[in-house]
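Visitor: My structure is below; once you've seen it, I'll send some questions.
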Amino acid sequence: MLLPNYSTFQIEAGTDEAGRGCLAGPVTASAVILPIDFENSLLNDSKQLTEKTREKIRPFIENEAVSFAVTHLHPKEIDEINILNASMKAMQECVLKLNTTPEFIIVDGNRLLNAKLGLATAFGKQFSKTEIELLQSIPNQSIIKGDSKYLSIAAASVLAKTYRDAYMNQIHEEFPMYNWKKNKGYPTKEHREAIRKYGVTKYHRMTFRLLPEQLKMDL
């Protein structure tokens, strides 16, 4: 059974991301503040849910949440600051978008949300001094496998996953040969074969190992 809160604060946000291991598309993060009395028997770590269940839960989370936010960080920014920093920055941006400022934040993973702030990037959002100070002022805790332990992180994982999947379905229409509607940009054999055959797109992460050594790009 998922727990409602980690801290003793009333306004606690959970954060998570999706798409970190993909070869194409954004890394997508979400932050969610749930009411103290929130209940949903279906909610769990998004990886443990079927696509149908995730889509069923998504509007319930959005309607019941005190506040929620979703952010895509795109391949150029991922390539510039690396995927770990991009994942954290996406979650930081989500916190700044929340209509209600959380008193405490719990983060899925093993890295504190404010471990690295204000990274200057050529392609993405630039944090102001005020925004950095706000993020620094909110206590937070990283929790390994937090999406299978706490409701707010699980809710964030569902929103991040469903919003990212919707984005990948959209860009699939532009480049159907990669079948992103099915593989969502992950390094499947089919995806890598398509990269070898058709080359890369503006949606691919160029700092990632797009092809294993045994596959060569046709030049």
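Visitor: In the stretch 1-17, which residue that is among the aliphatic types (A, V, I, L, M) and over 13 Å from residue 155 (Cβ atoms) is surrounded by the fewest Cβ atoms within 10 Å (Cβ to Cβ)?
Guide: 1
Visitor: So, one more: Residue 133 fails exactly one of the following numbered conditions: (1) in contact with a helix residue (DSSP H, G or I) (Cβ under 8 Å, 6 or more places away or on another chain); (2) farther than 24 Å from residue 2 by Cβ; (3) open to solvent by 10 Å² or more (accessible area, probe 1.4 Å). What is the number of that condition?
Guide: Tallying (1) in contact with a helix residue (DSSP H, G or I) (Cβ under 8 Å, 6 or more places away or on another chain); (2) farther than 24 Å from residue 2 by Cβ; (3) open to solvent by 10 Å² or more (accessible area, probe 1.4 Å), residue 133 fails exactly one: (1).
Visitor: Against the condition part of a loop (DSSP other than H, G, I, E, B), in contact with a Lys or Arg (Cβ under 8 Å, 6 or more places away or on another chain) and surrounded by 16 or more Cβ atoms within 10 Å (Cβ to Cβ), how does residue 210 come out, does it pass?
Guide: Here the answer is yes, as residue 210 does meet what is asked.
Visitor: While we're here: Out of curiosity, is residue 142 within 19 Å of residue 47 (Cβ to Cβ) and either part of a helix (DSSP H, G or I) or open to solvent by 60 Å² or more (accessible area, probe 1.4 Å) (or both)?
Guide: Taking the combined requirement at face value, the residue does not satisfy it.
Visitor: Let me ask something else about it. Being open to solvent by 40 Å² or more (accessible area, probe 1.4 Å), in a helix (DSSP H, G or I) and under 19 Å from residue 205 (Cβ atoms) is the filter here; which residues of the stretch 80-117 pass it?
Guide: 80, 84
Visitor: Anything in the stretch 12-58 that is part of a loop (DSSP other than H, G, I, E, B) and closer than 23 Å to residue 87 by Cα? List them, or say none.
Guide: Listed by number, the residues that qualify are 19, 20, 21, 22, 23, 25, 26, 34, 43, 44, 45, 49.
Visitor: Need pairs with beta-carbon distance below 7 Å; first residue closer than 12 Å to residue 155 by Cα and within the stretch 44-70, second among the small types (Gly, Ala, Ser) and open to solvent by 30 Å² or more (accessible area, probe 1.4 Å); sequence gap 6+ or separate chains.
Guide: 44/148; 45/148
The values are calculated or read from the model by the stated rules, or taken from the named source; none is laboratory data. This structure is a prediction, so every number in the text was calculated from the model and none was measured. Here the Cβ is made from the backbone with ideal geometry for all residues, glycine too, and neighbour counts use every protein chain on show. Side chains are part of the model used for accessible areas, which takes the heavy atoms of the whole protein and leaves out ligands, DNA and RNA. Shrake-Rupley method; radii C 1.70, N 1.55, O 1.52, S 1.80 Å.
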